[in-house]
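In what follows, a structure is listed as structure tokens, so that the remarks can point back to it.
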Amino acid sequence: MYAIAVHGGAGSWSHTPRKPALAGVEQAAEVGRQILEKGGSALDAVTEAVRVFEDDPLFNAGTGSVLNFDGDAEMDAGIMVGSGLRTGGVAALRRVRNPILVARKVMEMTDHVLLGGSGALRFARAVGFADYDPVTLQRRKNWQRHREDLEAKQGDDKVAALHTLLSTWPREDDMGTVGAVALDRQGELAAGTSTGGVTLKLPGRIGDSPLPGAGNYATPHAAVSATGRGELMMRFLTAKVICDDIWNGHPANKAVERVLREMGKCVGEDVGVIALDSEGDFGIHHLTPAMPHAWVREGSPAIEVRMTT
């Protein structure tokens, strides 16, 4: 039995065409499905599914990542395999094409879990990742518009400007993080998550995606990828709490709904998750207006694709 689910980011998606978004998540799921159908690993399936998103400028990961306050793309990514709780991540990484591939190298080639900033970039270059500019013209235009709006509202009051900057999430061009979870025929579970973060974020800000247990987690019992406001996931340890619920016998769909409901009461609702358990059952839920996602398991007639749950 194999299964895979992917998401293209929780948010409003009100300023982005939904048809291309749905086509993008279907393509990512299909790439992962083909790997699993041929007997490939869950790790390979989530890696390649996330790479599809990172190469599509529509999504906020890799090429098409949103820009920080200074106008730079600082990207986060995390990957994890259930057996042995093996994991690797990169944070505030610049000028690479596919952060998810660098995160996998951290897991496979080092005894570290997370590399950040200039150290992550030095590692990426050392293991063969070439220089690449992920900033698109559309993201640059959006960044310029947001900077002008912020400066016009705040004038010379730097304290007020900083407060406004840190309290105006989400913005209409932030579609959230992308991710994938998969189960292969050998019973292995894996999760992968990648993001450009939040427009106008402070330089050096790190979100939940590369942090095991926050936005990305996999155990022998479940795999989870989260999307939305990363600070909420970091405070709640969303991905691990869901995996623990599933380990304790709750169905994946019930675990996801329960944890997001509790999150809403405790820290906030700007979140979405996909989860998959060791039986191939899915849990998919979001508390944002939309979250393009797709899923398929062995024996299904076709990939299921939706914008809302």
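Which of the residues that make up segment 198-212 are modelled with pLDDT of 95 or more and surrounded by 24 or more Cβ atoms within 10 Å (Cβ to Cβ)?
Within segment 198-212, GLY207, ASP208, SER209, PRO210, LEU211 qualify.
How many of the residues making up segment 51-73 are of a type in the set (A, V, I, L, M) and closer than 20 Å to ALA191 by Cα? Reasoning before the result, please.
So the first thing to find is which residues in segment 51-73 are of a type in the set (A, V, I, L, M), and the list is 52, 58, 61, 66-67, 73.
Filter once more, keeping what is closer than 20 Å to ALA191 by Cα: 52, 61.
Adding up the residues that qualify gives 2.
Looking at (1) touching a strand residue (DSSP E or B) at 6+ places or on another chain (Cβ under 6 Å); (2) assigned to a helix (DSSP H, G or I); (3) over 25 Å from HIS221 (Cα atoms); (4) of a type outside the set (Lys, Arg), which is the only condition GLY24 fails?
(1)
Residue by residue, here is whether (1) within 18 Å of GLY204 (Cα to Cα); (2) in a loop (DSSP other than H, G, I, E, B); (3) not β-branched (Val, Ile, Thr) holds:
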{"position": "ALA45", "(1), (2), (3)": "no, no, yes"}
{"position": "ALA49", "(1), (2), (3)": "no, no, yes"}
{"position": "PRO57", "(1), (2), (3)": "no, yes, yes"}
{"position": "ALA73", "(1), (2), (3)": "yes, yes, yes"}
{"position": "VAL96", "(1), (2), (3)": "yes, yes, no"}
{"position": "ARG122", "(1), (2), (3)": "yes, no, yes"}
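Give the number of residues within segment 4-18 that are closer than 30 Å to ARG185 by Cβ and touching a helix residue (DSSP H, G or I) at 6+ places or on another chain (Cβ under 8 Å).
Counting residues in segment 4-18 that are closer than 30 Å to ARG185 by Cβ and touching a helix residue (DSSP H, G or I) at 6+ places or on another chain (Cβ under 8 Å) gives 5.
Under 6 Å between Cβ atoms, at least 6 apart or on separate chains: pull out the pairs that start in segment 217-236 with a residue that is assigned to a strand (DSSP E or B) and end on any residue that is surrounded by 21 or more Cβ atoms within 10 Å (Cβ to Cβ) and acidic (Asp, Glu).
Pairs found: ALA222/ASP277; GLY228/ASP270.
Within the group GLU262, GLU269, GLU257, GLU279, which residue is part of a loop (DSSP other than H, G, I, E, B) and at pLDDT 95 or above?
GLU279
So which residues in segment 180-216 are in a loop (DSSP other than H, G, I, E, B) and β-branched (Val, Ile, Thr)? Explain how you work it out, then say what you get.
Residues of segment 180-216 that are in a loop (DSSP other than H, G, I, E, B), as a first pass: 184-188, 196-211, 213-215.
Scanning segment 180-216 gives VAL198, THR199, ILE206.
Please indicate, with yes or no, whether at least one residue in segment 231-241 is small (Gly, Ala, Ser) and either modelled with pLDDT of 95 or more or in contact with a strand residue (DSSP E or B) (Cβ under 9 Å, 6 or more places away or on another chain) (or both).
Within segment 231-241 (the criterion being small (Gly, Ala, Ser) and either modelled with pLDDT of 95 or more or in contact with a strand residue (DSSP E or B) (Cβ under 9 Å, 6 or more places away or on another chain) (or both)), the answer is yes, since at least one residue qualifies.
Which of (1) over 27 Å from GLU26 (Cβ atoms); (2) surrounded by 20 or more Cβ atoms within 10 Å (Cβ to Cβ) is the odd one out, the single condition ARG258 does not satisfy?
(2)
Of the numbered conditions (1) within 13 Å of GLY179 (Cβ to Cβ); (2) surrounded by fewer than 18 Cβ atoms within 10 Å (Cβ to Cβ), ALA49 fails exactly one; give the number of that condition.
The single condition ALA49 does not satisfy is (2).
For every residue, the table says whether it meets (1) part of a helix (DSSP H, G or I); (2) more than 18 Å from GLY179 (Cα to Cα); (3) touching a helix residue (DSSP H, G or I) at 6+ places or on another chain (Cβ under 7 Å); (4) among the acidic types (Asp, Glu).
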| position | (1), (2), (3), (4) |
| --- | --- |
| MET80 | no, no, no, no |
| VAL102 | yes, no, yes, no |
| GLU108 | yes, yes, no, yes |
| ARG140 | yes, yes, no, no |
| GLN144 | yes, yes, no, no |
| LEU150 | yes, yes, yes, no |
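Answer yes or no as to whether ASN68 is part of a loop (DSSP other than H, G, I, E, B) and crowded, with 23+ Cβ neighbours inside 10 Å. So that I can check it myself, show each step before the final result.
On the way: part of a loop (DSSP other than H, G, I, E, B): yes; crowded, with 23+ Cβ neighbours inside 10 Å: no.
In short, no.
The values are calculated or read from the model by the stated rules, or taken from the named source; none is laboratory data. Only a predicted model underlies this, so the values are computations on that prediction, with no experimental measurement involved. Every residue, glycine among them, receives a Cβ derived from its backbone with ideal geometry; neighbour counts consider all protein chains shown.
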